[in-house]
Amino acid sequence: MRQRESVVFTIFFPLILLMIFGSVFKNTIAPGVTFSQYFVAGMIASGLVNSGFQQLAIVIPLERDFGSLKRLRGTPMPVASYFIGKALLVIASMTAQIVLLLGFGVAFFGLNLPTSAGKWFTFLWLTLLGTATATVLGIAFSIVPKSGRGASAIVSPIVIILQFFSGVFFVFTQLPSWMQHVAAIFPLKWLTQGMRSVFLPDSFTSQEVAHSWENGRTCAVLVAWLVVGLIFAIKKFRWSN
């Protein structure tokens with residue numbers, strides 16, 4: 001039940017935020033770019049982090065508390081099946097989020113979908129790499145909460161702070177420079193910037209820190225975090241308390 005509630009919340013919360021922010025902030029932040037268009041790109045990136053990192057870092061400690069993981073390890077089912085199942089859950093949740101966000105963005109907030117194959121390809125590899133990175137980081141971070149009951153209190157503030165620092169809710173270059181430097185360490189900033197390269201016109205690069213989309217650097221940062229998360233997930237994952 002808790003996992004089902006978590007999935008439903010993860011899917012619909014970004015959509016609720018889009019409806020609120022998109023209805024309140026209707027201004028143009030750059031030539032041909034409304035705040036809603038900017039916000040949709042950030043919400044898609046943030047949704048990947050919510051579906052992977054936040055959801056797993058909260059649900060896995062709960063399952064550990066209930067003894068589900070310990071019982072699962074005692075069954076003949078391969079251990080890898082558990083992680084494959086979690087990955088499939090993240091993919092399903094992420095897919096539903098993207099469909100809803102794009103649908104509502106186009107229908108109600110004037111979102112312009114990419115018109116070139118190159119941008120759709122960028123969207124595809126960003127989504128796949130971002131999902132993989134968020135998933136392994138969520139599994140790795142699940143060892144931090146001491147109990148499932150306190151997992152949300154630890155994980156959720158981290159995600160919210162990173163959203164504010166990474167240009168999800170505000171234009172990134174309007175944030176204080178120290179926030180920009182902190183955000184550049186973490187994958188959400190780069191994932192958000194990558195999604196802007198897909199959904200915003202190339203003229204918006206004038207509003208970016210490097211005056212370019214830096215998709216190559218985005219890929220490198222996400223791969224680095226994927227490797228780090230994978231190492232920690234393999235070495236530190238616990239099946240019981």
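The values are calculated or read from the model by the stated rules, or taken from the named source; none is laboratory data. All of these numbers come straight from a predicted model, not from anything done at the bench. Cβ coordinates were reconstructed from backbone atoms using ideal geometry, including for glycine residues, and neighbour counts include every protein chain displayed.
Here are the numbers for this structure:
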read-out: Boolean, Pro157 is surrounded by fewer than 16 Cβ atoms within 10 Å (Cβ to Cβ) and touching a helix residue (DSSP H, G or I) at 6+ places or on another chain (Cβ under 6 Å); value: no
read-out: Elements of type helices (runs of 4 or more DSSP H) contained in segment 40-108, each with 1 or more residues being among the hydrophobic types (A, V, I, L, M, F, W, C) and in contact with a Gly (Cβ under 9 Å, 6 or more places away or on another chain); value: 55-65, 79-108
read-out: Residues of segment 127-147 classified as in a helix (DSSP H, G or I) and either of a type in the set (A, V, I, L, M, F, W, C) or without any contact (Cβ under 8 Å) to a residue 40 or more places away in the chain (or both), total; value: 9
read-out: Count of residues meeting criterion [surrounded by 14 or more Cβ atoms within 10 Å (Cβ to Cβ) and at positive phi] in segment 204-239; value: 1
read-out: Any hit, segment 92-103, residues being touching a helix residue (DSSP H, G or I) at 6+ places or on another chain (Cβ under 7 Å) and either loosely packed, with under 12 Cβ neighbours inside 10 Å or under 12 Å from Phe199 (Cβ atoms) (or both); value: yes
read-out: Residue count, segment 179-199 (criterion: touching a Leu at 6+ places or on another chain (Cβ under 6 Å) and either at pLDDT below 95 or β-branched (Val, Ile, Thr) (or both)); value: 0
read-out: Top-ranked residue in segment 166-203 [being of a type in the set (Phe, Trp, Tyr) and out of contact with any helix residue (DSSP H, G or I) (no Cβ under 7 Å at 6 or more places or on another chain); ranked as surrounded by the most Cβ atoms within 10 Å (Cβ to Cβ)]; value: Phe170
read-out: Total residues in segment 109-119, condition part of a helix (DSSP H, G or I) and either in contact with a Lys or Arg (Cβ under 6 Å, 6 or more places away or on another chain) or in contact (Cβ under 8 Å) with a residue 60 or more places away in the chain (or both); value: 1
read-out: Odd one out for Ile29 among (1) of a type in the set (Val, Ile, Thr); (2) free of Cβ contacts under 8 Å to residues at least 12 places away in the same chain; (3) not in a helix (DSSP H, G or I); value: (2)
read-out: Failed item in (1) over 18 Å from the mean Cα position of the chain (by Cα); (2) modelled with pLDDT under 95, with Phe170 passing the rest; value: (1)
read-out: Single condition Ala117 does not satisfy, out of (1) under 15 Å from the mean Cα position of the chain (by Cα); (2) surrounded by fewer than 12 Cβ atoms within 10 Å (Cβ to Cβ); value: (1)
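Listed here are the residues, each with its yes/no results for (1) out of contact with any Asp or Glu (no Cβ under 8 Å at 6 or more places or on another chain); (2) closer than 30 Å to Lys26 by Cβ.
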{"residue": "Leu126", "(1), (2)": "yes, yes"}
{"residue": "Ile143", "(1), (2)": "yes, no"}
{"residue": "Ser147", "(1), (2)": "no, no"}
{"residue": "Thr173", "(1), (2)": "no, yes"}
